[in-house]
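Everything below concerns the one structure shown next.
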Amino acid sequence: MLWICAIGAYIIANTFWLFALKGGSGLARGAMIFSVVSAILALIIGVYFYGERLGIIEYIGIGLGIFSLACMFWKG
């Protein structure tokens with residue numbers, strides 16, 4: 001049953017990826033968004049479902065990932 005959820009999540013993620021590309025997000029920008037968001041989601045799943053603990057390096061990585069997304073969307 002879990003594999004059905006995994007395939008469904010994969011299909012949903014790729015559908016959003018295609019809509020982002022079609023909407024003019026650009027390949028490089030879309031790839032960065034997809035990579036950062038999927039890494040953060042994997043980290044959340046690891047913490048909540050598998051009881052993993054985060055160290056200082058992981059917190060720094062999360063912060064840098066969110067900072068990189070903020071820099072990409074900042075229209076300064």
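Residue order for 36, 47, fewest other beta carbons within 10 angstrom first, comes to 47, 36.
Size of segment 2-73: Rg and Dmax of its alpha carbons, in Å, are 14.0, 38.
In plain terms, the chain from residue 59 to residue 75 could stretch by 3.2 nm, reckoned as 0.36 nm per residue minus the Cα-Cα distance. FRET efficiency for the residue 11 to residue 67 pair, using the beta carbon distance and R₀ = 35 Å, is estimated at 0.70. Its Cα gyration tensor gives segment 1-41 an equivalent ellipsoid; the semi-axes, largest first and in whole Å, are 22, 12, 5.
Bear in mind these aren't lab numbers, they're just calculated from the coordinates by the rules spelled out. Source: prediction; values computed, not measured. Here the Cβ is made from the backbone with ideal geometry for all residues, glycine too, and neighbour counts use every protein chain on show.
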